[in-house]
1. So which residue, out of Tyr58, Tyr67, Tyr35, gets the largest mean-square fluctuation from a GNM of the chain using Cα contacts under 10 Å as springs?
2. Between Gln68 and Val36, 0.36 nm times their residue separation minus their Cα-Cα distance comes to what?
3. Quick check: the angle from helix 22-36's long axis to the longest principal axis of the chain, C-alpha only, nearest 10 degrees?
Amino acid sequence: MKKYYQISRCRDKDRLFRELTDKQLNILESVLDAYVSSKIDFVDPETNSVDPAYDGVYELVINDYNYQGNGCELFIMKWAEDRESTDNLIDYLEEFR
């Protein structure tokens with residue numbers, strides 16, 4: 001099995017390894033790695049509260065212009081910040097089987 005360093009640090013790693021395909025795991029790992037290394041980030045929706053906004057339009061920020069996106073960045077980063085559930089992540093990645 002390929003090593004997935006970022007995924008192995010996640011709280012639901014056992015479930016992710018059990019339910020996702022290698023292709024899905026590769027997508028997840030690549031986005032998490034880019035996020036942790038600050039190649040990408042996101043901007044929260046505008047809010048008048050100190051609490052994070054769970055609804056609204058999130059904006060993808062690409063800090064490394066050599067980064068090749070896969071279209072899953074915002075959803076995965078929101079999941080990494082506990083703004084999406086693992087159930088929703090697995091459902092979202094279903095189309096990438």
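Quick note: the coordinates plus some simple rules give every number you see, no bench work behind them. Small disclaimer: the values here were computed from a predicted structure and weren't measured.
1. With Cα springs under 10 Å in the chain, the top fluctuation among Tyr58, Tyr67, Tyr35 is at Tyr67.
2. The Gln68-Val36 span can extend by a further 10.0 nm.
3. Between helix and principal axis, roughly 40 degrees.
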